[in-house]
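The values are calculated or read from the model by the stated rules, or taken from the named source; none is laboratory data. Remember, predicted model here, so these are calculated numbers, not experimental data. As a convention, Cβ positions derive from the backbone with ideal geometry for all residues, glycine included, and neighbour counts pool all protein chains shown.
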Amino acid sequence: MTAVPSGPASPTINVPIAPTPAAYRLSKRVLDMVVATIGLVLASPVMAAIAAMIRLESGGPVFFRQERVGLGGRPFMLFKFRSMQVEADEAAHREYVSRLLKRTLHAEGDATWVPIAGDPRVTQIGGFLRRSHLDELPQLLNIARGEMSLVGPRPPIPYEVELYEPWHLRRLAVIPGLTGLWQAHGWGRLSFDEGVALDIEYVQRRSFGLDLRILARTIWQILTGRQF
């Protein structure tokens with residue numbers, strides 16, 4: 001398993017945690033644990049096959065670990081299947097994120113929040129894993145550990161948070177998720193500010209019913225081949 005540092009020491013962030021009704025918190029956690037546990041068991045043959053394909057294609061570690069910023073600004077280690085070359089440098093992504101956020105802040109040019117097009121660091125198997133979102137399967141472990149939920153704002157990388165405006169930090173007031181309102185309703189079509197606005201809308205409107213609707217929409221988009 002490879003760990004990718006996020007640069008110098010991660011910034012210390014203190015974000016007030018949004019109050020959550022006890023009944024919703026409990027039902028959300030039960031759903032997370034049931035889906036994560038069953039998902040890890042049922043997906044284990046698929047995950048074993050993916051691990052074998054990654055090792056056959058490019059050798060090296062199967063899993064990719066990266067520090068992310070979670071609930072209240074607390075860091076945690078996120079797991080994914082490795083989709084890039086072993087020697088891939090994150091400097092290109094860091095520069096890309098910096099340019100996108102600066103375009104958003106200064107309203108300059110196209111600031112649509114999308115992955116790097118034709119990223120040469122991505123392996124052939126990695127491209128398939130990303131398109132199918134199978135690279136995210138190991139995050140079921142993050143969910144089982146309580147670091148993530150099925151639904152919530154996606155957890156950012158520390159060097160992204162360093163560029164946040166104060167209002168952006170409000171998306172860190174709830175536990176991060178595997179998918180969220182931004183991913184289900186506007187991924188690849190919105191600027192960073194527009195996406196964060198959806199995340200904050202989720203923070204304000206979140207409920208068990210909304211979580212189920214976001215999950216259903218996400219599953220539909222994956223099954224129909226739509227990227228989000």
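Listed values, structure above:
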quantity: Members of the stretch 147-190 that are touching a residue at least 60 places away in the same chain (Cβ under 8 Å), in a strand (DSSP E or B) and within 16 Å of residue 17 (Cβ to Cβ); calculated: 149
quantity: Pairs, first over 28 Å from residue 170 (Cβ atoms) in the stretch 53-74, second assigned to a helix (DSSP H, G or I) and polar (S, T, N, Q), C-beta under 8 Å, six or more apart; calculated: 57/124
quantity: Any hit, the stretch 92-101, residues being modelled with pLDDT under 95, among the acidic types (Asp, Glu) and out of contact with any Cys (no Cβ under 9 Å at 6 or more places or on another chain); calculated: yes
quantity: Conditions (1) surrounded by 12 or more Cβ atoms within 10 Å (Cβ to Cβ); (2) assigned to a helix (DSSP H, G or I): number failed by residue 60; calculated: (2)
